[in-house]
């Protein structure tokens, strides 16, 4: 019988349970995928802890890559034997085998390995919508990317650089600074040693950046607003340090008529056409040389240790779980 990681109560990594599951034949509109690799993302931590509550008991995980084993009635998006990948839900990717809506699957180009796909889909599609839809980065823009050595960060830095932006990234150590520099960052700020707000103003000659991409949350939000030029855009897409506190909207006008948004991948890919468009842009970037760095690999049964390392910020780049 196949196994999966399940959670029966919100809490710490120890609440991730490896157990046998029954996988029924795919329903109409569904496909059954046998995973070769599964992605690890910080949103998985939010689901496990209950910050983003799930109906319990539940599976966990939003990203995977594998082979289609069976399809339900009416499926036209994929066929048995297709190499596929997905990101964004429904939850349950921490599994050897699972059924999921076929319209959420993208067929993988032959040149992209399963491990690369599992490491890049959620983070890469996130970078795609952030850079191409939420705020469309243009040549000459100065942009600030927090957690530049993380999974989204390494992809976003390379992509923003390819678009012609001046890329400023923040990191928490010298090793992460070197990694960010090797992936497109023109200027790397180690926030454990420097005030990132003051340094951004210095780098931009006092003007500020066009956009801040912030997956850190509470610890960086206020300082990020002070990094923006007038009419700049603050994109808060994650809460690695905790949720952002309530915001007084008057502050936005005082700081330069700023724009603030809290986007999610699920909304940007809700329509099949949008998912396919962003996927095509991501696959094209990878084909053009965008590097996906799989820095950590864990057995799927060891997901608890993977979560501990992720929360302790011991990881860089992308991490995958192997069934």
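The values are calculated or read from the model by the stated rules, or taken from the named source; none is laboratory data. Treat the numbers as computed from the prediction; the structure is a model and nothing was measured. Using ideal geometry, Cβ is built from the backbone for each residue, glycine included, and neighbour counts are taken over all protein chains shown.
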Evaluate the stretch 91-114: report whether one residue or more is surrounded by fewer than 19 Cβ atoms within 10 Å (Cβ to Cβ), in contact with a helix residue (DSSP H, G or I) (Cβ under 7 Å, 6 or more places away or on another chain) and farther than 29 Å from residue 27 by Cβ. yes
Scanning the stretch 289-323 for residues that are part of a strand (DSSP E or B) and farther than 18 Å from residue 95 by Cβ, which turns out modelled with the lowest pLDDT? 317
Looking at the stretch 132-168, which of the residues that are under 13 Å from the mean Cα position of the chain (by Cα) and assigned to a helix (DSSP H, G or I) is surrounded by the fewest Cβ atoms within 10 Å (Cβ to Cβ)? 152
Selection from the stretch 184-222 of residues touching a helix residue (DSSP H, G or I) at 6+ places or on another chain (Cβ under 7 Å) and modelled with pLDDT under 95 yields 184, 215
Does residue 86 qualify as being in contact with a helix residue (DSSP H, G or I) (Cβ under 9 Å, 6 or more places away or on another chain), touching a residue at least 60 places away in the same chain (Cβ under 8 Å), over 23 Å from residue 243 (Cβ atoms) and surrounded by 15 or more Cβ atoms within 10 Å (Cβ to Cβ)? no
Output the residues belonging to the stretch 205-231 that are more than 23 Å from the chain's Cα centre (by Cα) and farther than 22 Å from residue 190 by Cβ. 207, 229, 230, 231
Can you tell me which residue within the stretch 36-57, out of those that are out of contact with any helix residue (DSSP H, G or I) (no Cβ under 7 Å at 6 or more places or on another chain) and surrounded by fewer than 16 Cβ atoms within 10 Å (Cβ to Cβ), is nearest to residue 218 (Cα to Cα)? 51
In the stretch 138-152, how many are farther than 11 Å from residue 209 by Cα, touching a strand residue (DSSP E or B) at 6+ places or on another chain (Cβ under 6 Å) and in contact (Cβ under 8 Å) with a residue 60 or more places away in the chain? 3
Select from the stretch 254-288 the residues that are surrounded by 19 or more Cβ atoms within 10 Å (Cβ to Cβ) and in a strand (DSSP E or B) and list them in ascending order. 260
All-but-one check, residue 242 against (1) over 25 Å from residue 43 (Cβ atoms); (2) out of contact with any strand residue (DSSP E or B) (no Cβ under 7 Å at 6 or more places or on another chain), failing number (1)
Residue count, the stretch 17-53 (criterion: over 23 Å from residue 299 (Cβ atoms), touching a strand residue (DSSP E or B) at 6+ places or on another chain (Cβ under 8 Å) and in a loop (DSSP other than H, G, I, E, B)): 5
